[in-house]
């Protein structure tokens, strides 16, 4: 997962309770949580930055995502709708983004700046409502919307069943390395409710000691 150059804000208020209840509900999860010790879910505090991070990271390696993020900041300065809109797609592409990602990110910046997107509404909207709003944006699929729910809104019970890191961690810890399908992952995640975001974070951490951040 990308390490990013950022200053995350603190853990959600439910974090300690979630750890206790997950550990009590699932002995495998209890072992994973104990092994991770320090750390927790953090938010970058800015909805636009979180979405741009997620788009940058789509389908590329951690190292490549880190490099492109650094180059993007060099090209536009602080990542904000205003700064991105001031650069055309060719300039964003020159920072290392694919042409498609450059188009997605610039279109999203325009939507944030002209009010087509209203992040203030999302705090009170349910998970599926936020996902539906985000899916309207080009370049935002369900996975990216789920990352936004986990990392920006810090919703406690998101299970991104198509996330490769979650799949690999479940296979390692719950299936002795055997392949698992979506239905199987959903079934083994039932004991994690209502803290599936927290369980997912710890499963990611079990594969990589660097804390996940978007």
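Read the figures in this text as sums done on the coordinates, not as results from a lab. A quick note: this is a predicted structure, and the numbers were derived from the prediction, not measured. As a convention, Cβ positions derive from the backbone with ideal geometry for all residues, glycine included, and neighbour counts pool all protein chains shown.
Can you compute the FRET efficiency between residue 128 and residue 25 using 1/(1 + (r/R0)^6), with r the Cβ-Cβ distance and R0 = 25 Å? Round to the nearest 0.05. Efficiency for this residue pair is about 0.55. For the pair segment 153-190 / segment 53-116, the C-alpha centres are spaced 30 Å from each other. Taking a ≥ b ≥ c as the square roots of the eigenvalues of the Cα gyration tensor, segment 20-114 is classed as prolate, since a/c reaches at least 1.5 and a/b is larger than b/c.
Calculate for the chain the 222 nm mean residue ellipticity that helices alone would give, adding -39,500 (n - 2.57) per DSSP H run of length 4 or more and normalising by residue count, nearest 500 deg cm²/dmol.
That calculation yields -17000 deg cm²/dmol at 222 nm.
With a/c under 1.5 counting as rounded, go ahead and sort segment 100-152 into rounded, prolate or oblate using the C-alpha gyration tensor (a ≥ b ≥ c being the square roots of the eigenvalues; past the cut-off, prolate if a/b is larger than b/c, else oblate). Judged from the Cα gyration tensor, segment 100-152 comes out oblate (a/c at least 1.5, b/c at or above a/b).
To the nearest ten degrees, helix 15-25 and the longest principal axis of the Cα atoms of the chain are 40 degrees apart. Seen against the Cα atoms of the chain and their longest principal axis, helix 62-76 is set at about 30 degrees. With Cα atoms defining each centre, segment 117-140 and segment 28-50 are spaced 22 Å apart in the structure. Can you tell me how segment 77-214 classifies by the Cα gyration tensor, rounded, prolate or oblate, using a/c under 1.5 as the rounded cut? Prolate shape, in that a/c is at least 1.5 and a/b is the bigger ratio.
When the chain is treated as a Gaussian network with alpha carbon springs shorter than 10 Å, the biggest mean-square fluctuation among 174, 202, 104 belongs to 174. If you line up the long axis of helix 99-114 against the longest principal axis of the chain, both from Cα atoms, how many degrees apart are they, to the nearest 10? Value to nearest ten degrees: 80.
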